[in-house]
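Each remark here refers to the structure printed beneath this line.
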Amino acid sequence: MGNESSGGTKGQRGVESVPGMNDVLPKDVGRWRALEERFRAQCERYGFGEIRTPMCEYTELFARGIGEETDVVAKEMYTFEDRGGRSLTLRPEGTASAVRAYLEHRISNLGGVARWYYVGPMFRGERPAKGRYRQFHQVGAEVYGDGGPMVDAELVDLAYSFVTSLGISQAKVRVNSLGSGDTKRRYADALREYYKPLAEKLSPDSQRRIETNPLRILDSKAREDVALRAGAPKLMELLGDEDRRHFDRVCSALDALGTPYEVDATIIRGLDYYSRTIFEITDTSGTLGAQDALGGGGRYDGLIEQLGGKSTPAVGFALGVERLLIAAPESSLAAPAVKSCAVFAVDRDEPERVQSAALAIAKELRSAGIVVHIDTRFGKLDRQFQHAERVGASCAIVVGKQELDNGRVELRELDTRRQNAVPRDAIVAKVTEVLAKSGSAPG
Ligand code: HAM
């Protein structure tokens, strides 16, 4: 995955790719497309519609939506000024943009529940590593207008089923609740009380966050902060009755769906907008190394109001495409083999006429839905055969002057080397027949 593992040499200085921003070459793109198409199909089966939002937004949206004190906003955003001096940021995630679109298009006026999904690139200026990139991709889903626990469970199940459908067999779901209303504030107070006497032992970032946002200390990866985490108060103990009931119902719905999960009071998520249910899915096989989080999400009932809309419950998740592709076995996203035909042109005397005829035949076959390879350099016949073999064509049409004059071409089956003359107007039917015989329908 990614350029860092491709073993290729970097381009000349000034024209190489940005570290952590990778090309996907044609040989790899089939797996990406298979994954994206499967996600789309699965979301549509769950009644979701696709939303596409712009790649960048006004910086304010992310600062207010995700939280100034989160790593994403404080350290990782690609922010720049447009020509008018407005601050823009490449989207680091999809949720804030989806909420902005929900508000801007007054979706709440339509009544009912909105179910949206998205697929696309996100940008975070993190230190590149296996499974951690600066341009990465997410597939995600968001639901607006349903505050009940059933939709939380349905989303956890959707995400988990998708992960396992990719053949990722060691995925683990962990769920927790952050409570609602002032639970987070009360928890922040409890954390402050716990961390204040320990301040000197914390990382500099966490020392600052004791006052500004102590929940973030629990999310820190600094060794000194991790060491003090075990003794910190647990949020579960502060949950009010309503929040507790909501969480219990999420868990019992997951039981009914047969979705395996673990309640883990230590997860808090890296973004500030969450309330009540939160969850993470990790790959425990070790394939991903340190970046084992395949995805996560949860409820963010306060965000729409915080961004200027009327109070509307919301819940969603996102999964990292690159990490899914690393964790999924090769075979589970293999593209089906497509049978194809090559077209050759051979003639020394009237090359232009024969080559143009070859192009026209290729076009006719393609119009009938057949995949056609043609080496438009039209070198020696041997070379054209080599090209056909390299691309894995099953048969080849050989166009020559004499044959054209007689209204025929040669059709050669490349595995058996059988060759037959075929009337010009029967080419599509014959090629279709040969390809079907060699194991697959055209296209
Ligand atoms: P997140 O946990 O920040 O959540 O990201 C979700 C997933 O995106 C991660 O678990 C990981 O697989 C992938 N990811 C994040 N950063 C990188 C990176 N630098 N390189 C590669 N993959 C990465 C969100 O983004 C929330 N918007 C999810 C959500 C939707 N919550 C509610 N609705």
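For the chain, what is the accessible area per residue in Å² when the probe is 1.4 Å?
On a per-residue basis, the chain sits at 49 Å².
Of 339/401; 172/221; 75/130; 130/184; 130/234, which sit over 23 Å apart, Cα to Cα?
In this structure, 339/401; 130/184; 130/234 lie more than 23 Å apart at Cα.
How do 412-419, 50-57, 32-39 rank on mean C-beta neighbours within 10 Å, highest first?
Taking the mean over residues of other Cβ atoms within 10 Å, the ranking is 32-39, 50-57, 412-419.
Remind me, relative contact order of the chain in percent, using alpha carbon pairs under 8 angstrom and six or more residues apart?
15
For residue 37 and residue 367, compute 0.36 nm times the residue count separating them, minus their Cα-Cα distance, and round to one decimal in nm.
116.4 nm
If r is the Cβ-Cβ distance from residue 305 to residue 430 and R0 is 56 Å, what FRET efficiency results, to the nearest 0.05?
The pair residue 305/residue 430 has a calculated efficiency of 0.25.
Taking a temperature of 4 °C and a viscosity of 1.567 mPa s, what whole-number D in µm²/s does Stokes-Einstein yield for the range 38-125 with Rh from Kirkwood over alpha carbon pairs?
After rounding, the answer is 91 µm²/s.
Give me the distance between the Cα centres of the range 118-196 and the range 391-423, rounded to whole Å.
57
Highest mean first, how do 113-119, 230-236, 165-171 rank when packing is the count of other Cβ atoms within 10 Å averaged over residues?
Averaged packing, sorted descending, gives the order 113-119, 165-171, 230-236.
On a 0 to 90° scale, report how tilted helix 427-437 is relative to the longest principal axis of the chain, with both axes built from alpha carbons and the result rounded to the nearest 10.
Tilt relative to the chain: about 60 degrees.
Computed from the mean reciprocal separation of all distinct C-alpha pairs, what Kirkwood hydrodynamic radius does the range 341-437 have, in Å?
13.0
Between 163, 338, 24, find the one with the highest GNM mean-square fluctuation for the chain; connect C-alpha pairs within less than 10 Å.
Among 163, 338, 24, the largest mean-square fluctuation in the Gaussian network model of the chain belongs to 338.
Just from its helices, what would the mean residue ellipticity at 222 nm be for the chain, if runs of 4 or more DSSP H residues each count -39500 (n - 2.57) and the sum is divided by every residue, rounded to the nearest 500 deg cm²/dmol?
-11000 deg cm²/dmol
With angles folded into 0 to 90 degrees, how steeply does helix 241-257 sit against the dominant principal axis of the chain? Use alpha carbons for both and round to 10.
Between helix and principal axis, roughly 30 degrees.
Relative contact order for the range 341-437: what percent, with Cα pairs under 8 Å and sequence separation of 6 or more?
Computed value for the range 341-437: 30 percent relative contact order.
For the range 278-311 and the range 15-83, what is the separation of their C-alpha centers, rounded to whole Å?
14
Assuming 0.692 mPa s and 37 °C, estimate D for the chain with Stokes-Einstein, Rh taken as the Kirkwood radius over Cα pairs, in µm²/s.
Translational diffusion coefficient: 129 µm²/s.
Rank by packing, highest mean first: peptides 123-131, 195-203, with packing defined as the count of other Cβ atoms within 10 Å averaged across residues.
123-131, 195-203
Taking a probe of 1.4 angstrom, what is the accessible area of residue 79 in Å², to the nearest 10?
Surface open to solvent at residue 79 totals about 70 Å².
Give the angle, between 0 and 90 degrees and rounded to the nearest 10, that separates the Cα long axis of helix 381-391 from the longest principal axis of the Cα atoms of the chain.
Roughly 30 degrees, rounded to the nearest 10.
The values are calculated or read from the model by the stated rules, or taken from the named source; none is laboratory data. All values reported here derive from a predicted model rather than from experimental measurement. No Cβ is skipped: glycine too gets one built from the backbone with ideal geometry, and neighbour counts run over all protein chains shown. All accessible areas refer to the heavy atoms of the entire protein, side chains included, with ligands and DNA or RNA removed. Shrake-Rupley method; radii C 1.70, N 1.55, O 1.52, S 1.80 Å.
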